Amino acid sequence: MSAAPARARHRHDDAPDTAADFERLAAASDGPEREVLVEELVAAWLPMAHRLAGRYRNRGENLDDLKQVAAMGLVKAVERYDPQRGDAFESFAVPTIVGELRRYFRDCSWDVHVPRRVQELRNKVRATLQELATTERADRSPTVAQIAEAAGMNEEDVLTGMEAMDSFRSLSLDAELTGADDGYSLADTLGRPEARYETVIAREAVKPCLHRLPEREQHILYLRFFRDMTQADIGEELGISQMHVSRLISRSCRTIREEVEAEPQPRRLPAAA
């Protein structure tokens, strides 16, 4: 009995015959001619790369971004393909491009980075939920135990995968709170920096330094910065020149700044008796 004829491999419409071009590429040395050949081969096989990217269009990523990733995988495949090994380019390129797309989903498409194991648990739980949605119990959400049984996982891993499902996309701070009907958003629940805190800290740091100044200099600073008097008015009130007032203010401010910025001295313990 004669053997059945081998079934011909299906070729897609986007799989051009470029065997001769790859032979030329393999024989070409580095230079402009090789670069032109690579560009022509990439352009010829780009429809196939876009078709593979289209398989992932419903996974929350922009299709144009996926096409770019697939094109990068295609370039790698063209550069690495060796026609002497006997395999068709399509057989070599498809795993390379698909691997590049999967790597993109694994490493780049998550808004919140999670370990690879957790990503795999998330994908397994997600696939199981989709399968359970087509069963007779699709009218109600499956329990953790039912998901674990259907997926062949333990319940702890199911819970980890379910938590990771919320990490694929982050929630905008402008998103309205659940149940809120007044436009109250997540951003409204966050605290904001209080500008006056620094003023309070500065005042507390300066206060003991002010008390250590001579009484006359304390009075001059009070008149200048709290009564908003000019140096000329202060000098007239105290019977001294405006230049003298200016020197006293500068010296007092310099002294306070040096004390505030100085490293605190370690407190010495009293010597043992």
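Straight-line cross-link reach from LYS76 at under 16 Å between alpha-carbon atoms covers these lysines, not counting any fewer than eight positions away in the same chain: LYS67.
Loop-located trypsin sites (Lys or Arg not before Pro) across the stretch 25-71 with a Cβ neighbour count of 13 or fewer within 10 Å are ARG55, ARG57, ARG59, with loop assigned by DSSP. A DSSP coil position with no more than 13 other Cβ atoms inside 10 Å describes the following chymotrypsin sites (Phe, Trp or Tyr not before Pro) in the stretch 214-256: PHE226. For the stretch 61-75, backbone phi angles converted through the Karplus equation (6.51, -1.76, 1.60; θ = phi - 60°) give residue-by-residue couplings of 10, 5, 5, 4, 5, 5, 5, 5, 4, 5, 5, 5, x, 5, 4 Hz, Gly and Pro being listed as x. Residues whose amide H falls under 5 Å from that of SER185, counting only those 5 or more places apart or on a different chain, are LEU177, with hydrogens built in the peptide plane. Sparse packing (at most 15 other Cβ atoms within 10 Å of the Cβ) combined with a DSSP loop state is found for the following trypsin sites (Lys or Arg not before Pro) in the stretch 124-165: ARG137, ARG140. How large is log10 I(q)/I(0) at q = 0.17, 0.23, 0.27 Å⁻¹ when the Debye formula is applied to the Cα atoms of the stretch 47-99, each weighted equally and without solvent? Taken in order of the listed q values, log10 I(q)/I(0) reads -0.49, -0.79, -0.99.
Every number here is computed from the coordinates shown, using simple stated rules; none is lab data. Note that the coordinates shown come from a computational prediction; the quantities given were computed from them, not determined experimentally. When we count neighbours, we look across all protein chains shown, and the Cβ atoms used for this are built from the backbone with ideal geometry, even at glycine.
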